[in-house]
1. Can you pull out every residue in segment 369-387 that is at pLDDT below 70 and in a helix (DSSP H, G or I)?
2. Kindly indicate whether residue 43 is crowded, with 17+ Cβ neighbours inside 10 Å and either under 22 Å from the mean Cα position of the chain (by Cα) or in a helix (DSSP H, G or I) (or both).
3. Which of the residues belonging to segment 75-107 are surrounded by fewer than 19 Cβ atoms within 10 Å (Cβ to Cβ), modelled with pLDDT of 95 or more and touching a helix residue (DSSP H, G or I) at 6+ places or on another chain (Cβ under 7 Å)?
4. Regarding residue 38, is this residue under 28 Å from residue 235 (Cβ atoms), surrounded by fewer than 20 Cβ atoms within 10 Å (Cβ to Cβ) and touching a residue at least 12 places away in the same chain (Cβ under 8 Å)?
5. State the number of residues belonging to segment 230-265 that are part of a strand (DSSP E or B) and either in contact with a helix residue (DSSP H, G or I) (Cβ under 7 Å, 6 or more places away or on another chain) or within 30 Å of residue 128 (Cα to Cα) (or both).
6. Filter segment 1-33 down to residues that are touching a residue at least 40 places away in the same chain (Cβ under 8 Å), over 15 Å from residue 221 (Cα atoms) and not in a loop (DSSP other than H, G, I, E, B) and give me whichever is nearest to the chain's Cα centre (by Cα).
7. When you check residue 70 against the structure, is it out of contact with any strand residue (DSSP E or B) (no Cβ under 8 Å at 6 or more places or on another chain) and in contact (Cβ under 8 Å) with a residue 12 or more places away in the chain, yes or no?
8. Does any residue of segment 49-59 turn out to be without any contact (Cβ under 8 Å) to a residue 12 or more places away in the chain and either under 30 Å from residue 288 (Cα atoms) or surrounded by fewer than 20 Cβ atoms within 10 Å (Cβ to Cβ) (or both)?
């Protein structure tokens, strides 16, 4: 059976500045600055380990049109590693690293095949005769708003057909409107795989054939949370198999924590410490945003100065950690005061709800499924009056909380 195996990645944004961070210790800062390069090196390692036939990079390899020599040199080093293993690379440039800019050019190894500013076809052939046509174009300028998908035309003479497109999925994406397309446009081309770029969130838009955004391989800000990576793709006559591969060296994580147990600054600090311990990942760095919810204002009074001190203390302990969890921000939110006098829960609807609750006396009906259960009923007795009052109060609080959720 004819088969090809390849890596699909996109949006490397090499040498990208990490935004939203201040006053970082040198070790943490350096780790973040190197993270896009580390992700690229991991992609190379996966390609070599999995003995892929080739690598596809679907645009925005660099973060800007004035790509630095440092970024080009790091890319060339990794491409040379692939060349040593006879693994070719097919890449397109996107809106960030379009070909219309000016920069000090550095030649890439012969295994790197760059698509030009018109849609073109490049051919890959395996030793067993299996052949692939790869279709794509690089952005000639930053703003490409035309429907370039219409210029892709399938050519005969290959076993598999792969389209590279750095563009915007019309009607859904919040990203810039570049080279827009509809899924139907891509499916109509009858390719075997669409290797997309531009959207930094991993998403499979269709499965027959696969239309795939791999997301970026390294998160660069609080807007790019979670695990990042690339896809290892196997195509054969039966279809496609996709295996996600994690490549990020640093993760951006947001967590919401119940702060009901917090009663003083010390207990808030302890809660944050436990969360850091639970968040730590072996071999990775983490940039953590914490939201402490459900704080009881009757027990706790915290000003911004105390919160800043807590955050500084937490950061100080992480500054030398290899597997650091760097807390970038802590926000606090108080619990909703679940009382009938709260103006937020007043009005005709709530008045009628409270009358219904006050007149409620159907405990046996409400709990019938429990009392009629053959095992549970052996251990149950009738509710005492104080138990009924407590149960009704808890039900009222839960109803109010649910009704006030956004």
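1. Listed by number, the residues that qualify are 370, 371, 376, 377, 378, 379.
2. yes
3. Correct list: 81, 85.
4. no
5. Of the residues in segment 230-265, 18 are part of a strand (DSSP E or B) and either in contact with a helix residue (DSSP H, G or I) (Cβ under 7 Å, 6 or more places away or on another chain) or within 30 Å of residue 128 (Cα to Cα) (or both).
6. Across segment 1-33, the extreme among qualifying residues is 9.
7. Answer is yes for this residue.
8. Yes, segment 49-59 contains at least one residue that is without any contact (Cβ under 8 Å) to a residue 12 or more places away in the chain and either under 30 Å from residue 288 (Cα atoms) or surrounded by fewer than 20 Cβ atoms within 10 Å (Cβ to Cβ) (or both).
The values are calculated or read from the model by the stated rules, or taken from the named source; none is laboratory data. From a predicted model like this one, the values you see are computed outputs, not experimental measurements. Note: ideal-geometry Cβ built from the backbone for every residue, glycine included; neighbour counts use all protein chains shown.
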